[in-house]
Structures are given as C-alpha cells and as structure tokens.
Amino acid sequence: MKQKTQVADIDRSLYDFRYEEDAADLLASGITPAIIREISEEKGDPEWMRNFRLHSLEIFAKTEMPPWGPSVAGLDLDNIVTYIRPKSRMNTDWNDVPENIKETFERLGIPQAERESLAGVGAQYDSELVYHNVRKEVAESGVVYTDLESAMHDPRYAEMIRTHFMKLVPPTDHKFAALHGAVWSGGSFVYVPAGVRLEIPLQSYFRLNAKGAGQFEHTLIIVEDDAYLHFIEGCSAPKYYEAGLHAGCVELYVGKRSTLRYSTIENWSKNMYNLNTKRAVVAEGGRIEWVSGSFGSHVSYLYPMSILNGRGAHAEFTGITFAGKGQNLDTGAKILHNAPETSSHIDTKSISKGGGISTFRSAVTVAEKAIGSRSSVSCESLMLDSISRSDTVPVMDIRTDKADIGHEAKIGRISDDAVFYLMSRGLDEQSARAMIVSGFADNVSKELPLEYAMEMNNLIRLEMTGSIG
Amino acid sequence: MELLRIEQLTAGIEEKELLHGVSLIVGSGETHVLMGPNGAGKSTLGYTVMGSPEYQVTGGKIYFEGADITDEPADRRAKRGIFLSFQNPIEIPGLSLSDFLRNAMEQVTGQRIKLWDFKKQLRAAMDVLQMDAAYADRDLNVGFSGGEKKKAEILQLLMLKPKLAILDETDSGLDVDAVRTVSAGIAAYRAQCGGSLLIITHNTKILEALEVDRTHIIAEGRITAEGGAELIAEINRSGFEKYTEK
C-alpha cells in the first residue's frame, strides 16, 4: 500500500500541459470530400474503406443534429481539424516514441501502468496511435491487440474488419456516427481467440493534444466463445479556447459464454464535445460489463448500448458522471433484450455541482421473444448545491408480459449531519464532503482496477476543491 | 488542571434559545455526568461544545485548555482533542469504517500511520468491544444495529484518544450485555489515555464501572444542581422533579 502509483499527486496541470503542434501537420479544417480523400490517401486505405468514408460523408451531410439532449451549437464543425499527421510511425519500443509525445504519456503514467499491471498498451496522440505493445505471452496465446489501420492491411484480419467495421454502429445511426465513418482515425483492434482468458487488462489511452481538433478513434473488439477480456480506455486533453470534438466509436462483439469488461475513465478538457457511440452485441450466455466514469467534457452524449442477442446473455452497466461548472453531461445506457432469459442491470450515480447539469437516460427494450428476461435500473443523483441540476429520463419498452423489470431513482443532497459527523472526527469540511462524494461513487471505484479507482478518487477530490461557499 | 470551561453559554436553533447561560468546568482526567429530563438541553450542550453548525451560540464562551474555541469549526476542536459520541451515528455509504478511521487519525495527529500499525491498533480496540473484525471493512454505520453503532462510536474513541470525550446517551437503546461491553470500552479509554469524560445520560448503568467526580443536573437549559457521585444516587431515588422547579 505504501507503493505510490502514477496518479498519486494528480492535479489539473497533469492534464492541462500541452505541446504546440506544427501547422504543417494539420490537414485543413472542415469536412469536405476533398479532405476525406486526403485522409484516406494519407492513411493508405483499401478501396472499400475509402468508399465507406465518402458514403458516410454523404450521410453526414443529409443527417440532422440530434434532436434531444444538450445543445451542440458551440461546436463549429467547419473549423474542426479532423486529421493531424503523425509525428511518428507506430512504435512498439517506447524509446522510439518522439520525446515530447513520450513525455506527455509518461506524465500521464502510461508506460508505468504497462509495466505494473497491464497485458498490453496502446497510446494514441491526436489522430494516430504512436505506441502499441503487448506482452509476449499474451501475443503467444493468439490475442491480437494492434491499431485498426495495421489490422486492416494485415491479410489475417482484413476480412474480419471489413465484415465487422461499423456494422454495429452504422453511419446512419446518427449524425456523429456518420462523421465518424468519414473521418475515423486510430483506435484499437483486439481479437481474443476462443477459450483464451486474459486475466490482466489491455489498455488504450487517447490523448488529444492539438487545439480545435477532433479525435475519431475506432475501437473494434472481437471476443470469441468461452473467452475473457478486460479492456480499459482512458481519455484526456488539455484545455484550449477552441472547442474540441471527440466522436469515437466502440464496437464490441462478445462470443458465447464469454465475458468482456470495458472500463473507461474519461477526463476530456472542459470544452470538449464528447459525442461518443459505444455498442456491444452479446451471444448466448455471454456477458458485457461496462464500467464508466465521465468527468470531463463541456457536453457529453454517451449511452453505451448492449444488444443481448443470445439466450441467457447478460449486460451490466456501472457508471458515474460528475458534472461541474459549465458542463452538461447527458449519459446513460441502452439495453436491448433480444433473446429469452437475458438479464441486465444498470447502476448509475451522477453528481452535479457548480451549476453543472447531469442527465441520466436509460432505454431498456425487451423484445417480444425475450421471454423470461430480467432488467433492473437504479440511478442515484447527488446535487452539491442549489444551482446544479440533475434529471432522470428512464425509457422502457417492454413487449412481453413475461419479463421482470424494475426501476429505481433517487435524488439527494449531502446532509449537513453527515458533514458534521465527519468533521467531529477531525476532517475539515472539504475533506468531509469529498469523502461523502467518494463514498457515493464507491460502486464504480470498486469496479475499477486500483490505480484507476485512485485516479477517480483524485478527480473527485480535485472537483470538490473550492466547492464550498 | 482545567480542560474545558463553559462560561454563561447561551445557544439555540434559529430563534429558539435552548441553553440559557450554562457554565461548567471539566478538569483534566475527570469524569463528569450530565443528567436531566428529556428536552433539558443535554444534547444541545454536547453538540454545541463539539461545534455543530445546527446550533448557534448567542452568548458566552467555550474554552479548551485555555483557548477560546467558541467560534471554531468542529474539525479544529477535534484536533484539539474533543470527541463527541453521537446518540444517532450517521451512516456514510461507500466509506469503510477502517478507511475513515485511519484518515481521521491522520488528520487529528497530523501524522501518517503505517497500515500495519493501524491494523494492529484497530484489532486490539475491536477486541475490547467484542466487535467482529468484518465491521472494519463495512461502510461506516451502514446497516449496523443500534448496539453496533454505539460500539463503533466507542471504537473511534479508543482509536482517536481525545483529551475529552462527550458521550451523548451512549447507553440508550442498548441491552445489558451491550452496556457492559460499551462500559468496558470506556474504562479502557480511561485506562489507556486518562482522558476526561462528560457523560450525558439518564441511565446510571453505564456509570457503575466508573468513578464519577462530578454530577451536573440540567433542566430547561440551565444547570440547576451540582454535586458529586452521590447526586446520581439521589436522582435514582427521587427523579428530577426537585431540580426542575425553580
């Protein structure tokens, strides 16, 4: 316990430092067929992918902005830089990563985390992955963990990617899915063969450094039958005056009797538009476990969806959202029970403070054939002052009467009695409040690996600083 | 030596004054008992000495070791060595008893405590109180029975080792065995650090194992009688009636 982890001394500057990017590395801003062709050229896409991008762009142009949720009017799509040329090729040796990029990730603790507790690590800086490495024994078990671009060009995986890429989240899903289809870059491809249980997690870290830029990484994970994988994603960006955009996409395929745990700690800067789409499809007897901590961003739309397609499939969503000053975070989860005896459990906490707005949305759909399915949704909100807001929008669409569905929502404030109680034991008011809030978030931190749980608690402490008066 | 001095204290909630000029002195190492009928202001006095923001001090002073603490927040008072055992301990979901205690100890002493040392101390204190070790990892007071909550309060007392412990109705709602266990805990506190006690009670069971130095009777927000241990016996015989009339 005495051992310090890489996040022990966290403060805002850890996320806020940045390096200047060279103007020459930025492709022109805006979203036009010419830009898309340039990105495609730059990346050496196969033809199907170039066509896919151009087709997605057409859909993007035709699709309206989402009609629900917080305003994205502050997002100037004509001025978002969608692609930044990499300073570096992908490396598998940390020493080959350029100095300032290396320093960025070292300050964020990435290589250290890899040494200590991970089976493999990927690090994306702006548009491209700069580092990827997998432990030897992991690679020998047949697990593939690489960037999507390399995989797309590898004859062993090319077909797998063509048949899975944006099949769960088609570009027609919504405007930003279409944008993603057009300009996606970077991200990870993970393949876990049948019967392989990877007990230590894989991690990728996304860092958006350039200002006024967008990050559009695509994560595609295929877990075959009877396998286990824990995948962790971390995100951060320094603060700029120009709004940034993150429109990533995550597609997860979980095989029969397999479990995939997908953990995210998102700490984008407070002027990011985080319009992210995540979706999993789960086969018979499989499990998807989402663990999600949302702390950053100016505006978030994030509702990971689980499609339970096989009998007895299970989805678990544990999430926390912390909306501070100037933040409007619209988060939640979607579950589709599409087979008999499927089950799901959504457990979320949201905290709002300093005028922040936190909205929880859940959508549980039980198809007619999903007889004997069970779902429970629980959401608790904590408002730290009277100027903040917390809303709950649960939607349920149950098409069979042979299902067991429950929903529970609670909204509260920190009680003065609890603060006094802790203060009477020597804790100052700020620590007392931070402890109560950390306790409130405990269901999520318990689900995270130790160093991430600590990072989350540090983030809470950081957010709680100056929350009094 | 004088530890706590309350001088002409008036305090209350919003417009309603509940303490009308209470004065009381507790010396170092002494055991005091504060008795009185329901609603007399016993708990108000305890909470006000601890610095609860629920009660506003409208007059008078509170001194601890000579320092004026009347306007200090509760955590400053705790750091000086004042402790209040709550009548209704608060449940804090997600915060384990041991994490909380270790944190509180580090705050009060201003020093880091090695995990191993902490665990050893905690184990010993839990043994005194016959508490199951599993309670250390449970969320603070969450789902504890009334008796376990009171034991957890005394556990905190034993770990934090304050100079003055105010015990607010620590014996209320406890069965005979639990009272005995809690009394053993209080005796251990006295034996280990010789701290002072201000025991708020209307039950004398908890006092049996203790040598009481002074008894204060409070009624309608005023101290109406003071004496030694013999006063407790008298209250037991004839009740508070005599002390509630002016």
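The values are calculated or read from the model by the stated rules, or taken from the named source; none is laboratory data. These numbers were taken from a predicted model, which means no experiment stands behind them. Positions of Cβ are backbone-derived with ideal geometry, glycine not excepted, and every protein chain shown enters the neighbour counts.
Data overview
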| read-out | value |
| --- | --- |
| Condition check for residue B:153: within 12 Å of the chain's Cα centre (by Cα) and at pLDDT below 95 | no |
| Among (1) closer than 30 Å to residue A:226 by Cβ; (2) of a type in the set (Gly, Ala, Ser); (3) surrounded by 22 or more Cβ atoms within 10 Å (Cβ to Cβ) - the single one residue A:285 does not satisfy | (3) |
| Some residue of region A:232-242 being within 30 Å of residue A:182 (Cβ to Cβ), surrounded by fewer than 21 Cβ atoms within 10 Å (Cβ to Cβ), touching a strand residue (DSSP E or B) at 6+ places or on another chain (Cβ under 9 Å) and acidic (Asp, Glu) | yes |
| Top-ranked residue in region B:108-132 [being free of Cβ contacts under 8 Å to residues at least 40 places away in the same chain and within 11 Å of chain A (Cβ to nearest Cβ); ranked as surrounded by the fewest Cβ atoms within 10 Å (Cβ to Cβ)] | B:110 |
| Residue under evaluation residue A:342, criteria (1) under 21 Å from residue A:442 (Cα atoms); (2) of a type outside the set (A, V, I, L, M); (3) crowded, with 24+ Cβ neighbours inside 10 Å, criterion not met | (1) |
| Condition check for residue B:105: touching a helix residue (DSSP H, G or I) at 6+ places or on another chain (Cβ under 7 Å), within 12 Å of chain A (Cβ to nearest Cβ) and assigned to a helix (DSSP H, G or I) | yes |
| Failed condition for residue B:30, given (1) under 20 Å from residue B:164 (Cβ atoms); (2) within 14 Å of chain A (Cβ to nearest Cβ) | (2) |
| Among (1) more than 20 Å from residue B:196 (Cα to Cα); (2) touching a Lys or Arg at 6+ places or on another chain (Cβ under 9 Å); (3) facing chain A (nearest Cβ under 8 Å), the one test that residue B:74 misses | (1) |
| Residue A:463 being out of contact with any Cys (no Cβ under 8 Å at 6 or more places or on another chain), part of a helix (DSSP H, G or I), more than 9 Å from chain B (Cβ to nearest Cβ) and more than 19 Å from residue A:331 (Cα to Cα) | no |
| Flag if residue B:96 is within 14 Å of chain A (Cβ to nearest Cβ), hydroxyl-bearing (Ser, Thr, Tyr) and either touching a residue at least 24 places away in the same chain (Cβ under 8 Å) or touching a Gly at 6+ places or on another chain (Cβ under 7 Å) (or both) | yes |
| Counted residues, region B:207-220 - those being out of contact with any strand residue (DSSP E or B) (no Cβ under 7 Å at 6 or more places or on another chain) and closer than 15 Å to residue B:154 by Cβ | 1 |
| Unique residue being touching a helix residue (DSSP H, G or I) at 6+ places or on another chain (Cβ under 7 Å), in a loop (DSSP other than H, G, I, E, B), under 19 Å from residue B:190 (Cα atoms) and of a type outside the set (D, E, K, R) when the list is B:121, B:130, B:156 | B:130 |
| Only one of A:436, A:414, A:398 that is over 26 Å from residue B:109 (Cα atoms), within 12 Å of another protein chain (Cβ to nearest Cβ) and of a type in the set (A, V, I, L, M) | A:414 |
| Pair list, Cβ under 6 Å, 6 or more apart: region A:403-430 residue closer than 21 Å to residue A:375 by Cβ and in contact (Cβ under 8 Å) with a residue 12 or more places away in the chain, other residue acidic (Asp, Glu) and surrounded by 18 or more Cβ atoms within 10 Å (Cβ to Cβ) | A:410/A:380 |
| Strands (runs of 3 or more DSSP E) contained entirely in region B:1-86, each with at least 2 residues that are small (Gly, Ala, Ser), without any contact (Cβ under 8 Å) to a residue 40 or more places away in the chain and buried (at least 22 other Cβ atoms within 10 Å of the Cβ) | none |
| Test: residue in region A:101-108 that is under 21 Å from residue A:128 (Cα atoms), modelled with pLDDT of 70 or more and in a loop (DSSP other than H, G, I, E, B) | no |
| Members of region A:452-469 that are at pLDDT 75 or above and of a type in the set (Val, Ile, Thr) | A:460 |
| Per-region count, region B:50-71, residues more than 8 Å from chain A (Cβ to nearest Cβ) and either under 15 Å from residue A:420 (Cα atoms) or of a type in the set (Asp, Glu) (or both) | 5 |
| Test: residue in region A:377-387 that is away from every other protein chain (no Cβ under 14 Å), farther than 19 Å from residue A:303 by Cβ, buried (at least 20 other Cβ atoms within 10 Å of the Cβ) and in contact (Cβ under 8 Å) with a residue 60 or more places away in the chain | yes |
| In region A:210-221, residue modelled with the highest pLDDT [restricted to those that are surrounded by fewer than 24 Cβ atoms within 10 Å (Cβ to Cβ) and over 12 Å from residue A:272 (Cα atoms)] | A:221 |
| Pair list, Cβ under 9 Å, 6 or more apart: region A:339-360 residue assigned by TED's automatic domain parsing to the domain that holds residue A:437, other residue in a strand (DSSP E or B) | none |
| Residues (assigned to a helix (DSSP H, G or I) and surrounded by fewer than 18 Cβ atoms within 10 Å (Cβ to Cβ)) located in region B:161-180 | B:176, B:177, B:180 |
